[in-house]
Amino acid sequence: MEFLRCSRYHSGGSGPNLKATLLGKTPRYAPDRSFDTLHVRLELEIDFAARSAAGLCATRVKAYRDGVRSLEFDAVDLSVSSAAVDGRPVKIRREKEKLVLPLPRPLSAGQEAEAVVRYRVVRPKAGLHFVYPGPHNPKNPVQVWSQSQPEDARYWFPCHDSPHEKATSELKITVPEGFRAVSNGTLAETVTRGKKISYHWKMLQPHSLYLISLAAGKFAEIEERWEDIPVTYYCEKGRERDARRGLGKTPKAMEFFSKMTGIRYPYEKYAQVAVAEYPGGMEHTTATTQTDAVLVDEVAALDNDMDTLMAHELAHQWFGDLVTCRDWSHAWLNEGFATYFEVLFQEHDKGRDMADYELHQNKRIYFDEDARRYRRPIVCSTFKYPWILFDRHTYEKGSWILHMLRHELGDDLWWKAVNHYLTCFRDRSVETSDLIQAVEEISGRNLRSFFDQWVFKSGYPRFRVQYTWDPGSKKGGLWILQTQPVSEESPLFKVPVDIRFTGRGWVKTFTEVVSDKEHHFQYRLPAPPVNAEFDPEHRILKKLDFQKPQAHWRHQLLEAPRAQSRLEAARDVARWRGEGSVSLLEKAARRESFWGAGTEMIRALGSIESEKAFAALKGLLKLEHPKMRRAAVDALGAYKRPENAKIFLSLSSADASLHVRSAACRALGALQDKRFSGTLKRNLGKDSYRGILSSGALQGLALTRAPGLLQTLHKACLPPRSYWGRLSAMRALSEYAPMAAEVVPWLCEMSSDPDERINLAAIHLLGELEDFRALDTLAKALKSPNSRVRVYAEEAIAHIRAGIEPPGNK
């Protein structure tokens, strides 16, 4: 799953270390099983008015051992009317969150039985979600969708709710006429009876039970193919073109993943269903459920796409569905692979620079979590709720581990190892040791030390590197220090690293193993180099402080062959602060061919805050790429110069890019001139993709700090505004908390919104504000059946308490 998260805490300081709060010390393991689930058959009728599902769940099981006297299923808030085993009625027993069915006679090892439970679930608290128009969102469609990861299947059908339990499945879903129901596998039949229609889907390959999907709505169906595999997109009627824009590269990604893994797309169909109020994307086997943000309109498509989300969920069909982590402590085997395959598809589709930039962003996100939230090993069996592990360690650091493993092995062995891993464990569940075994069997390499330091221990290396040149011996060298704090949990790292010297007409590359606290390497070179680089191909997850001559940074900024090297040089050039750095960064930005590097150069230029930098930024507003123009507007807006008003007014209405127009609105607000309030309020009322325009307008209004706008911002937080508009308004409103006592109570009210995404955003903001008045509301959220809500509430409470309790009481 790719979850569209709120950003983590950034409001000053590093925040509390949440390791003890969220991870604890007690290990958790996959639960025991007395039986193996062979097949699950669900027959459910959906009542949209009552927000309920009623019918039966028939589960075929096989006993693991002799003397199995009862069948125990995870089940929460299911209203069970009857149960039978092999056609014989049985009396059910409730034990906490378990449904226990005593057997008419004990099962012996290998013996099969079928349990049928008839039940109803009304307004489920988790697992199954009803979308409906109401006061919270009058424009909502009528839909229902499932989201069972990690342990929420139990809220809508009885099951052994653990990822290592795999079975075939079928769903017979009855909905009112005009609705369409989608699930895993192939559509066996469609039956119409009166004003109801039943869709019967069959999944013939075993898959984990949290991957069983139900999605229903008044969907249009868009059909494509990859080879002989049907590729289908479902969306609300009238959004078909938008669905093609957002999901249209799916066949290309299927071709790429099939070719590179050597495992042809492993299922009989692939569908993606775009639904409202979905928190991201979920890789339900053959039937991914997607946020409706994948419906990209024509204007937004100028500088928005959802290719990474599409690729992430598709990659899960191999990594997570075909081969599944045995328990959630190994969730990185699902999410790390899917996140890295986003990168690989970006490289295939848009080039190496785009892939490098995504890895660069992944590194930033992981470093932020490591610094502000907690540090943990990738494989971690201590966690309060499984959802905690769906974090930036699992996703972004996981992607980097695979990137480093790929370069450790070389491309040929890497892809052979990937194929061997998928082939060996197809339709099975795995632990990290299984991946290690597969890699070692193919490569002949002992990679235990690699996995020990990157997966089973925590942290990352920080290097301080200094370039040296000895004119007498004509030797260039690097003095290398590992500067990260060293502990048993985070030891010194051992990594192979390339050291590259570039001269006029020559390049020399040397490979060393860095393993000690300090190294000093020297090499005879033809002449003094024009640049020295440490890890020039960016293969190591690290932080780097490189001390070398300004001439080297100048060469790297303008001449380095990789955009990643050029953008990293921009930060160091900006530190010079003088006019020379301004001219150099402006020149580099104008000639930069990759927008990601250009954006970072413009941000670096903006950090200089001089008159010459100001003039240079104004000149960059005419760059062709909209994302670079946006960076220039953001940088100029920080100057808060009244003479910029005319420029921002023009851009806020005339630029082709929604993001540039939004940035211009923010910049207008930062001028704190009431003459521009009308422009901002007009943009506040304009619909746009993901509320991009209204978001900029709201942020601009908040930046004016005008007391009279408080009610305007509060109203914008409420229905009938869309989720994206409400989210932006809530963030803007939180900026007024220090001067308006009403803000915290308002956010407390929003924390129980029917839309989970609003709920989570409100909880997150309450934590950021560190106001003790929110503690009672957050304590109630801790009792939510939704583990995402509980995790956010735990973090918010810890954040508040860290700010109000004396150190001795923490």
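The values are calculated or read from the model by the stated rules, or taken from the named source; none is laboratory data. Only a predicted model underlies this, so the values are computations on that prediction, with no experimental measurement involved. Because the Cβ atoms are built from the backbone with ideal geometry, glycine has one as well, and the counts that use them run over all protein chains shown. Please note that ligands, DNA and RNA were not included when accessible areas were found on the heavy atoms of the full protein model with its side chains. Shrake-Rupley method; radii C 1.70, N 1.55, O 1.52, S 1.80 Å.
Condition check: in a strand (DSSP E or B), closer than 29 Å to Ile173 by Cβ and under 31 Å from the mean Cα position of the chain (by Cα). Does Ala53 satisfy that?
It is true that Ala53 is in a strand (DSSP E or B), closer than 29 Å to Ile173 by Cβ and under 31 Å from the mean Cα position of the chain (by Cα).
Taking the condition open to solvent by less than 70 Å² (accessible area, probe 1.4 Å) and on the phi > 0 side of the Ramachandran plot, does Asp427 pass?
yes
For residues that are part of a strand (DSSP E or B) and closer than 16 Å to Glu95 by Cα, tally how many sit in region 145-163.
Matching residues across region 145-163 total 1.
Out of Leu718, Leu693, Leu713, which single residue is surrounded by 22 or more Cβ atoms within 10 Å (Cβ to Cβ), within 30 Å of Lys780 (Cα to Cα) and either in contact with a Ser or Thr (Cβ under 9 Å, 6 or more places away or on another chain) or not aromatic (Phe, Trp, Tyr) (or both)? Walk me through how you get there before you give the answer.
Values: Leu718 fails: surrounded by 22 or more Cβ atoms within 10 Å (Cβ to Cβ); Leu693 fails: within 30 Å of Lys780 (Cα to Cα).
Sole residue among the options that is surrounded by 22 or more Cβ atoms within 10 Å (Cβ to Cβ), within 30 Å of Lys780 (Cα to Cα) and either in contact with a Ser or Thr (Cβ under 9 Å, 6 or more places away or on another chain) or not aromatic (Phe, Trp, Tyr) (or both): Leu713.
Filter region 387-413 down to residues that are part of a helix (DSSP H, G or I), of a type in the set (Asp, Glu) and farther than 12 Å from Leu359 by Cβ and give me whichever is most open to solvent (accessible area, probe 1.4 Å).
Among residues in region 387-413 that are part of a helix (DSSP H, G or I), of a type in the set (Asp, Glu) and farther than 12 Å from Leu359 by Cβ, the one most open to solvent (accessible area, probe 1.4 Å) is Asp412.
With respect to Arg239, determine if the residue is touching a strand residue (DSSP E or B) at 6+ places or on another chain (Cβ under 8 Å), closer than 22 Å to Asp307 by Cβ, without any contact (Cβ under 8 Å) to a residue 40 or more places away in the chain and not aromatic (Phe, Trp, Tyr).
When the stated conditions are applied, Arg239 does not pass them.
Just give me the residues in region 99-144 being open to solvent by 40 Å² or more (accessible area, probe 1.4 Å), assigned to a loop (DSSP other than H, G, I, E, B), on the phi < 0 side of the Ramachandran plot and not aliphatic (A, V, I, L, M), in sequence order.
Within region 99-144, Ser108, Gln111, Lys125, Tyr132, Pro133, Pro135, Pro138, Lys139 meet the criteria.
List the residue pairs whose Cβ atoms are under 8 Å apart, where the first residue sits in region 122-139 and is touching a residue at least 40 places away in the same chain (Cβ under 8 Å), the second is open to solvent by 70 Å² or more (accessible area, probe 1.4 Å), and the two are 6 or more positions apart or on different chains.
Filtered contacts from region 122-139: Val122/Ser79; Pro124/Asp77; Lys125/Asp77; Phe130/Arg123; Asn137/Pro720; Pro138/Pro720; Lys139/Pro720.
Within region 560-618, count every residue that is among the aliphatic types (A, V, I, L, M) and closer than 21 Å to Lys640 by Cα.
Summing the residues that are among the aliphatic types (A, V, I, L, M) and closer than 21 Å to Lys640 by Cα in region 560-618 gives 11.
Give me the pairs, please: first residue somewhere in region 68-84 and aromatic (Phe, Trp, Tyr), second residue anywhere and assigned to a strand (DSSP E or B) and open to solvent by 40 Å² or more (accessible area, probe 1.4 Å), beta-carbon distance under 9 Å, and either six or more positions apart or on two chains.
Pairs that qualify, where the first residue is aromatic (Phe, Trp, Tyr) and the partner is assigned to a strand (DSSP E or B) and open to solvent by 40 Å² or more (accessible area, probe 1.4 Å), are Phe73/Lys98.
Would you say Asp434 is closer than 21 Å to His316 by Cα, open to solvent by 10 Å² or more (accessible area, probe 1.4 Å), touching a Pro at 6+ places or on another chain (Cβ under 6 Å) and at pLDDT 95 or above?
Considered against the rule, which asks whether it is closer than 21 Å to His316 by Cα, open to solvent by 10 Å² or more (accessible area, probe 1.4 Å), touching a Pro at 6+ places or on another chain (Cβ under 6 Å) and at pLDDT 95 or above, Asp434 comes out as no.
For region 57-77, what are the residues that are open to solvent by 10 Å² or more (accessible area, probe 1.4 Å) and not acidic (Asp, Glu)?
Of everything in region 57-77, those that are open to solvent by 10 Å² or more (accessible area, probe 1.4 Å) and not acidic (Asp, Glu) turn out to be Arg60, Lys62, Tyr64, Arg65, Gly67, Arg69, Ser70, Val76.
Taking the criterion of being assigned to a helix (DSSP H, G or I), touching an Asp or Glu at 6+ places or on another chain (Cβ under 8 Å) and closer than 24 Å to Lys384 by Cα, would at least one residue in region 734-742 satisfy it?
Looking only at region 734-742, we keep the residues that are assigned to a helix (DSSP H, G or I), and these are 734, 737-739.
Okay, now just the ones that are also touching an Asp or Glu at 6+ places or on another chain (Cβ under 8 Å), so 734, 737.
Cutting the leftovers down to closer than 24 Å to Lys384 by Cα gives us none.
No: region 734-742 contains no residue that is assigned to a helix (DSSP H, G or I), touching an Asp or Glu at 6+ places or on another chain (Cβ under 8 Å) and closer than 24 Å to Lys384 by Cα.
Run down Ala802, Ala798 and say which single residue is farther than 27 Å from Ala126 by Cα, open to solvent by less than 40 Å² (accessible area, probe 1.4 Å) and part of a helix (DSSP H, G or I).
After ruling out the rest, the residue left standing is Ala802.
Please determine whether any residue of region 401-418 is in contact (Cβ under 8 Å) with a residue 24 or more places away in the chain, acidic (Asp, Glu), more than 27 Å from Ser162 (Cβ to Cβ) and in contact with an Asp or Glu (Cβ under 7 Å, 6 or more places away or on another chain).
no
Inspect region 712-727 for any residue being part of a helix (DSSP H, G or I), without any contact (Cβ under 8 Å) to a residue 24 or more places away in the chain and over 27 Å from Glu643 (Cβ atoms) and give the result as yes or no. Spell out the reasoning first.
Keep residues of region 712-727 that are part of a helix (DSSP H, G or I), which gives 712-716, 723-727.
Then drop every residue that is not without any contact (Cβ under 8 Å) to a residue 24 or more places away in the chain, which leaves 713, 715.
Subsequent filtering for residues that are over 27 Å from Glu643 (Cβ atoms) retains 713, 715.
Yes.
Quick test of your reading of the structure: Leu782 fulfils all but one of (1) crowded, with 19+ Cβ neighbours inside 10 Å; (2) under 25 Å from the mean Cα position of the chain (by Cα). Name the failing condition by number.
Of everything listed in (1) crowded, with 19+ Cβ neighbours inside 10 Å; (2) under 25 Å from the mean Cα position of the chain (by Cα), Leu782 misses just condition (1).
Where the second residue is open to solvent by 50 Å² or more (accessible area, probe 1.4 Å) and basic (Lys, Arg) and the first is more than 11 Å from Gln550 (Cβ to Cβ) and at pLDDT 95 or above and lies in region 566-588, which pairs have Cβ atoms under 8 Å and are six or more apart or on separate chains?
Hits for this filter: Ala570/Arg603; Val582/Lys612; Ser583/Lys612.
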